[in-house]
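Accompanying notes for the structure given below.
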Amino acid sequence: MDENITLKGITDIGIKIKYEDLDKLEYPKNELIYLIVEYEGFDYEFLFKDLGDSDKLTVLGSGAFNKEKGYDRKGPWFNRWSWTFDDSTLYYHDPTLYLADDIFGPWGLGTPETWYLEKIGIIISRLVEVINVRNEDILFYGSSAGGFTSLMLSIMVKDSVCLAEVPQFDITSWGSFWRPLKNASFDMDDKEFIEKYGNRVSVMKLIQEKNYIPNAYILMDCSAEYDFTRQYLPFFKRLNNFKYDIKGNSMKLIIFGKNTGHSALPKDTILSIIRYVRLNEFYLNNPQVNPNRYQQDPSRLVQVCDDYRRKINQLNKDNRDKSLEISNLESLIADNEGNLCCAAEEEIPEVYLDDKLRDKNRLISYLNDMVKSFNEEFDRKDAEIRQLNVQLDKLRKESSDRESKLQELLKQRENEINQLNEKLYDL
């Protein structure tokens, strides 16, 4: 860490590192870090917070800022940096903002020589390898211009997930923002620009270039008429004609209809939607617990509930085992008067060697939360089993009633036949 690298008003912890040295990156967990990564001789700026016990990463891009308020172009611009997320977080600054004072929405455009957003994607791909986060556990989020860059990055970083709020799909139709953005570094007309650099400004062109559909959730408000007619309709019409079959990926529309036009949703709403997306991705990636399948196959529900019972029992066992390891560690520390330097490595419980398990309270809280989560899921499945049993009992009763009526009818017919036979005998 470099004491001279700080971000006033945000964090006093700063690190500068070269891209090729990222595998040597060391930093404090659960702290917001101003991270500068030098790549190909150029500095890319990030805010990074590793929660330590999270295996997921939310990556945030910034939208355009208010022209009236502006911002100090001597430093990076990070939207939503003060928000608290459930997962580790990474914010990226778009250095396009440094190119000219009349750029208010950068969209990662860069210069003719360097596509800044592409380089940011390369750095993110390397960083997640270092912190052991799988691509499918990366969620790119942003609104407006940040929604555009989130979509673009989710195409570059394959298997990731994207939540794009009122994004642009083609920034060349974004009038007053687009013109100064292009003119800052590109001395050419629009036609020439689109021929040479169209993949930087169009989600569709990048999809076609990479032959890859992002796994994306699009938040839109139909009251934003300009967005709807100039952005969404043209894009989805073209997407509908684009032949693809790539891992079943799709772009899902969520229409929230708040009649707020082109504006971002409140923090609490967005955090809830992010949780929804995470949960939906979990169900999609784990079809054995997909609730939509229970109605099709009740036996699967029973199987899943049994699986959950086993998981809960295992979690309880792990909880007890870890608690015992912690107790052993505390005893070991006490025996050595608070100093473990005299203990052989093999005497130190495994829990001491694992960064994620050093904090007893956090470990127990984490395991208890997991048990609670599984118990809640199990209770829900149990309720569904009870509902199925009620339906089954109802069907059994209906079947029994029909069987009784049938027996009565057969007996009645048999009596009638006997009476007829007696009459025939008398004749």
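Name the residues whose placed amide hydrogens come within less than 5 Å of the amide hydrogen of Ile254, ignoring near sequence neighbours (fewer than 5 apart) on the same chain.
Ile218, Leu219, Met220
Which whole number in µm²/s is D for the range 115-254 by Stokes-Einstein, with the Kirkwood Rh taken over Cα pairs at 37 °C and 0.692 mPa s?
210
Expressed in nm to one decimal, what extension gain is obtained for the pair Leu239 and Ser82 from 0.36 nm per residue of sequence separation less their Cα-Cα distance?
52.9 nm
So if each residue of separation counts as 0.36 nm, and I subtract the Cα-Cα distance between Glu129 and Lys18, what length gain in nm does that give?
Stretched out fully, the Glu129 to Lys18 stretch lengthens by 38.4 nm.
Sequence gap at least 6, Cα distance under 8 Å: using those rules, report the relative contact order of the range 92-237 to the nearest whole percent.
Relative contact order of the range 92-237: 24 percent.
Of the peptides 412-422, 32-42, how do they stack up when ordered by the mean number of other Cβ atoms within 10 Å, highest first? Could the numbers behind the result be given before it?
Numbers: 412-422: 10.0, 32-42: 17.7.
Most protected by this proxy first, the peptides run 32-42, 412-422.
Considering only the other residues whose Cβ falls under 10 Å of the Cβ of Leu139, what net charge follows from Lys and Arg at +1 and Asp and Glu at -1?
Details: positive: Lys56, Arg278; negative: Asp87, Glu136, Asp137, Glu281.
So the surrounding residues net to -2.
Report the full-extension gain for the segment Phe256 to Val390: residue separation times 0.36 nm, less the Cα-Cα distance, to one decimal in nm.
Full-extension gain reported as 44.6 nm.
Rounded, prolate or oblate, given the Cα gyration tensor of the range 14-285, with a/c below 1.5 counting as rounded?
rounded
So what's the net charge close to Ile120: Lys and Arg +1, Asp and Glu -1, counting the other residues with Cβ under 14 Å from its Cβ?
On the way: positive: Lys119, Arg126, Arg200; negative: Glu38, Glu40, Asp43, Glu45, Asp94, Glu118.
Once all neighbours under 14 Å are counted, the net charge is -3.
Going by amide H atoms built from the backbone, whose H comes under 5 Å of the H on Asn30, apart from near neighbours?
Amide H to amide H, under 5 Å and 5 or more residues apart or across chains, Asn30 pairs with Asp50, Leu51, Gly52.
Given the pairs Lys8/Lys74; Lys56/Lys158; Lys158/Lys237; Lys205/Lys237, which span a C-alpha to C-alpha distance of over 18 angstrom in this model?
Values: Lys8/Lys74 12 Å; Lys56/Lys158 15 Å; Lys158/Lys237 23 Å; Lys205/Lys237 14 Å.
Beyond 18 Å: Lys158/Lys237.
In percent, what relative contact order does the range 14-285 have, based on Cα pairs under 8 Å that are 6 or more apart in sequence?
That works out to 15 percent.
Please check which bits of the range 39-57 a label hung off Lys29 would reach, taking the label as a point 7 Å along Cα-to-C-beta and the cut-off as backbone N under 18 Å.
48-57
Can you give the net charge of the other residues whose Cβ lies under 10 Å from the Cβ of Lys49, counting K and R as +1 and D and E as -1? Show your work: numbers first, answer last.
Values: positive: Lys29; negative: Glu31, Asp50, Asp87.
Once all neighbours under 10 Å are counted, the net charge is -2.
Laboratory data are not the source of any read-out in this text; all were calculated from the coordinates shown. Worth saying up front: this structure is predicted, and the values here are computed from it rather than measured. Quick reminder, even Gly has a Cβ in these numbers, built from the backbone with ideal geometry, and neighbours come from all protein chains shown.
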